[in-house]
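S.K.: Questions regarding the structure given below will be posed in turn.
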Amino acid sequence: MQWIAVGAVLGSEVILIAVTLNLLVAWPAQVGVLAAGATVLAALGLLCGVSPRLAPHADRLLVNLLSILGFTVVVSAIYLIVVRGLGKTPTGATDREVLGLSMVAAAIAAVGYIPARDRFARMATSFVYGAREAPDEVVRTFGSRLTRAIPMDELLLQLAESLRKTLALQSAEIYTGTGEVLELAVSVPDMGARSIVVSGRERPVIAHAGVSGNAWASVWMPTLLNGRAAGPIRVAPICHAGELLGTIVVARSEGAVSFSEEDDRVLTELARQVGLAFHNAQLDTALQTSLDELRHQADELRASRARIVASGDAERRRVERNLHDGAQQHLVALAVNLRLAKDVVLEDPQAAVEMLDELGTAVQDTIQELRELAHGIYPPLLVDSGLGGALRPVVNRSPLDVELLTEGIGRYDGDIEAAIYFCCLEALQNAGKHAPDAHVTVRIWEESGGLLFAVTDDGPGFDVRSAQRGHGFVNMMDRLGAIGGAVRWESERGRGTAIRGSVPLN
């Protein structure tokens, strides 16, 4: 289809030129025949379209031909208006020859001007501005550099160099920063490390000041003038959405010509583009930080899932081993003793009664062992009485001096109660290992839409920065992390230890 369009455009070009020449110089005489012959070009375009070598080039050729057709329409219209509308149609052979030659000359001049235009522009710029470029050239080149993958430091250095060359400056400086200190990012020539202190009261004033000169700088940014010659300067704030992100400071030597309105316009446009570039860089940094956090969280989640699976397998093996070595052996012994009692009951009733008493005691021991085993898997009191009722027996059995505070809490989802129960249990076990003589406080409370707990002791403490995360801490982190919670350790040598965690309730 594009090659058919190429043929149609070529045919239209031929017909337009033929009609224009016929109207102006009465040549060619048979325009209708030529127009009919030009339709063959569409058929030729169709043939080119089926060629594998020519088909991919139709789009570029069509663009150029459409541009040429538009140019031909403009030139033809101008000649027809000027010659036929404002003048008179040439009648003699000489007049027609002159008109034809003028049309050829105009076409050649128009085509030749396109490559020569850039050279003429550079020559004119050199004549007007000398060795430097036009002021708005730095705006155009900076905008084009923004589309390339150039580091921000390199981009600012190129901008400062372009400014110094374009505006005939003694120095060009770019300060950046979002706090109360603006640091010198780049300067031409290099001025070393410099900074400007800008208070919170001054920031909005500078951000809305626009391009300003020496008098303004002496009031709002006097440190800019320290150690600087008494030449004219310009300060252009770099802002985005009303937020001050930096400043462009340019200076000329003492006695140099002052900055013009065109220079101020260039600085204003440059500051706007630099502000947009800074804002985009901040967005890129924030996005990269978020991606890094997501990757870190994904890695932690995968590791946590692996630990949970491994812990579940180990727990199942432990339960199986305890059942086999404990309750199962008791039940096997009960079955054997029951058969013996059946055999003895007829021969020695008194001995059978004693055996039944022993069997009752063995049944109670088996029930107790099963209860202890079930308590390790999931405490029954936690289901019946909640966190306070389940932790109170743990505190009473603990060899430590433990104080339990659970006022104001209610019942919660089983996952939440189990996670906090086992975390508190783990924390008490750690306190028993490392601070056996300490006073321990276990506190559980609601606050800001979350259920919080803290297990604190006044023991010897330790250095959190040098300590490694043990198995217990990893277990607590996995349990709470699985339901959206978090846990942290706080400790210093000689100041005790605190394990704090929280779980969102909504």
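S.K.: In whole percent, what relative contact order does the range 2-128 give with Cα contacts below 8 Å and a gap of six or more residues?
M.R.: Working: 95 pairs, mean separation 40.5, N = 127.
Rounded, it is 32 percent for the range 2-128.
S.K.: Fully extended, how many nm does the chain gain between Asn22 and Leu276 (0.36 nm per residue separation, minus their Cα-Cα distance)?
M.R.: The Asn22-Leu276 span can extend by a further 85.8 nm.
S.K.: On to the next question. Please arrange Arg479, Arg295, Arg272 by counting, for each residue, the other beta carbons lying within 10 Å of its beta carbon, fewest first.
M.R.: Details: Arg479 24, Arg295 10, Arg272 15.
Starting with the residue having the fewest Cβ neighbours, the order is Arg295, Arg272, Arg479.
S.K.: Let's test the formula: R0 of 25 Å, r as the Cβ-Cβ distance of Leu334 and Val383. What FRET efficiency results, to the nearest 0.05?
M.R.: 0.35
S.K.: Please give, to one decimal in nm, the separation of the simple spin-label points placed at Thr72 and Ala310, each 7 Å out from Cα toward the Cβ.
M.R.: 7.8
S.K.: So if we plug the beta-carbon distance of Asp437 and Leu505 into 1/(1 + (r/R0)^6) with R0 = 30 Å, what FRET efficiency do we get, rounded to 0.05?
M.R.: The pair Asp437/Leu505 has a calculated efficiency of 0.25.
S.K.: Moving on to the next point. Could you list the residues of the range 1-22 with an amide nitrogen less than 15 Å from a label point located 7 Å from the Cα of Val50 in the Cα-to-C-beta direction?
M.R.: Backbone N within reach: 1, 3-4.
S.K.: Hey, fewest Cβ within 10 Å first, where do Tyr412, Tyr175 land in order? Can you show the working numbers first?
M.R.: Details: Tyr412 17, Tyr175 25.
Taking fewest neighbouring Cβ atoms as first place, the list is Tyr412, Tyr175.
S.K.: For the pair Arg392 and Val363, what calculated FRET efficiency results from E = 1/(1 + (r/R0)^6), where r is the Cβ-Cβ distance and R0 = 35 Å, to the nearest 0.05?
M.R.: About 0.80, to the nearest 0.05.
S.K.: If you don't mind, another one. Once you have a ≥ b ≥ c as the square roots of the Cα gyration tensor eigenvalues for the range 146-271, tell me rounded if a/c is under 1.5, and otherwise prolate or oblate according to whether a/b is larger than b/c.
M.R.: Taking the square roots of the gyration eigenvalues as a ≥ b ≥ c, the range 146-271 is rounded.
S.K.: Which of Trp489, Trp3, Trp27, Trp445 has the fewest other C-beta atoms within 10 Å, and how do the rest follow up to the most? Each step should come with its number before you reach the end.
M.R.: Working: Trp489 17, Trp3 23, Trp27 11, Trp445 14.
Fewest-to-most Cβ neighbours within 10 Å comes out as Trp27, Trp445, Trp489, Trp3.
S.K.: Between Trp220 and Ala351, what is the label-point separation in nm under the 7 Å Cα-to-beta-carbon projection?
M.R.: Taking the two extended label points, one gets 11.0 nm.
S.K.: For the range 2-128, what percent of Cα pairs sit more than 21 Å apart?
M.R.: Of all Cα-Cα pairs in the range 2-128, 55 percent lie more than 21 Å apart.
S.K.: With each label point set 7 Å from Cα along the Cα-Cβ vector, what nm distance links Glu161 and His57?
M.R.: Taking the two extended label points, one gets 3.9 nm.
FYI, it's all coordinate maths here, none of it is from the lab. Just so you know, these numbers come straight off a predicted model, no measurement behind them. So basically every Cβ, Gly included, is an ideal-geometry build from the backbone, and we count neighbours across all protein chains shown.
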